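Inspection log for the structure reproduced underneath, given as structure tokens.
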Amino acid sequence: MTEQLVRIGPVDDWVRTVAHHLRTDVVPVGPDRADLDRWLTAGRPLLVSADVPGLNAILTRLVRRELAAHTPIGWVPDPDRSSRELAAALHLPARPTLAANIATSDAVRPVRLVRDDHGGLLLLRGTLTAASGRRFGVQSYHDDALIADGPIRRIEVGPDYTAGCAVHARVKAGLRRRAHSTGRSVQSACAEAVVTIDGVRRERPVTKWTWYADPRQHWLLRAPAPPA
């Protein structure tokens, strides 16, 4: 039997199928600190079944405990759309059993982290949208470039996994007006806006927010190096 499959979320039939494929047990773990911390030990590889918010919760705890660069994570993505998107960005197969085979690999590669100025992480997609109405006023810079100055519908930011240390941004100002950019950090000052991080909406509106690619931080993904 291989290492245990740590499951963040409900244990569905497809999770049992993956565990059976790997000839291992499923261990349900809650996303709160106490449950996560029992499994987070420096240097101990983890085999994790989770959606994007669940993976984010694990990596956030690892970063805060300064263990991210020392704890290899084998990730078996959930079958939802966001998990498939992140899996593709990380060059992992969408099919759970194939992803599970890679997740038990001895190969490990570092993946740069995108962080925010409130101590959180961003793995796939973060958005700023109006707290009320369809538009909100914002002034936003991508590094030194002004990418928004006035009322817009949304800003969407995500890691650029094709670059060494970068984030991409998309600004939607109207039905047809959209702008794309790439750089290291996106800083926004705005009217009250809602922040959504990897599908999880923060409870309180904000009036400023920063996402940035941190060259000092990475996590360890159990997978072969991506194709050149």
Based on what the data block shows, is V63 of a type in the set (V, I, T), more than 16 Å from the chain's Cα centre (by Cα), at pLDDT below 95 and surrounded by 15 or more Cβ atoms within 10 Å (Cβ to Cβ)? no
Residue satisfying condition, being assigned to a loop (DSSP other than H, G, I, E, B), in contact with a Leu (Cβ under 8 Å, 6 or more places away or on another chain) and β-branched (V, I, T), within set T60, T2: T2
Matching residues in segment 91-121 - criterion: being aliphatic (A, V, I, L, M) and assigned to a loop (DSSP other than H, G, I, E, B): L92, A94, A107, V108
Which ones in segment 210-228 are in a loop (DSSP other than H, G, I, E, B), of a type in the set (A, V, I, L, M, F, W, C) and either without any contact (Cβ under 8 Å) to a residue 60 or more places away in the chain or surrounded by 16 or more Cβ atoms within 10 Å (Cβ to Cβ) (or both)? A223, A228
Looking at S185, is it at pLDDT below 95 and touching a His at 6+ places or on another chain (Cβ under 8 Å)? no
Can you tell me which residues in segment 19-60 are under 18 Å from L98 (Cβ atoms) and more than 22 Å from the chain's Cα centre (by Cα)? A19, H20, H21, L22, R23, T24
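Can you tell which of R81, R134, R125 is free of Cβ contacts under 8 Å to residues at least 24 places away in the same chain and within 30 Å of D13 (Cα to Cα)?
Of the residues listed, the single one that is free of Cβ contacts under 8 Å to residues at least 24 places away in the same chain and within 30 Å of D13 (Cα to Cα) is R81.
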Say we look at segment 4-29 and pick out the residues that are within 23 Å of H70 (Cβ to Cβ), out of contact with any Gly (no Cβ under 8 Å at 6 or more places or on another chain) and not polar (S, T, N, Q); which of these is surrounded by the most Cβ atoms within 10 Å (Cβ to Cβ)? L5
Of everything in segment 143-153, what is assigned to a strand (DSSP E or B) and either crowded, with 21+ Cβ neighbours inside 10 Å or free of Cβ contacts under 8 Å to residues at least 24 places away in the same chain (or both)? Give them in sequence order. L146, I147, A148, D149, G150, P151, I152
Only one of A89, A94, A103, A107 is within 23 Å of A228 (Cβ to Cβ) and free of Cβ contacts under 8 Å to residues at least 24 places away in the same chain; which? A94
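The values are calculated or read from the model by the stated rules, or taken from the named source; none is laboratory data. Bear in mind the structure is a predicted one, so any value in this text is a computation, not a measurement. All Cβ positions, even for glycine, are placed from backbone atoms using ideal geometry, and neighbour counts span all protein chains on display.
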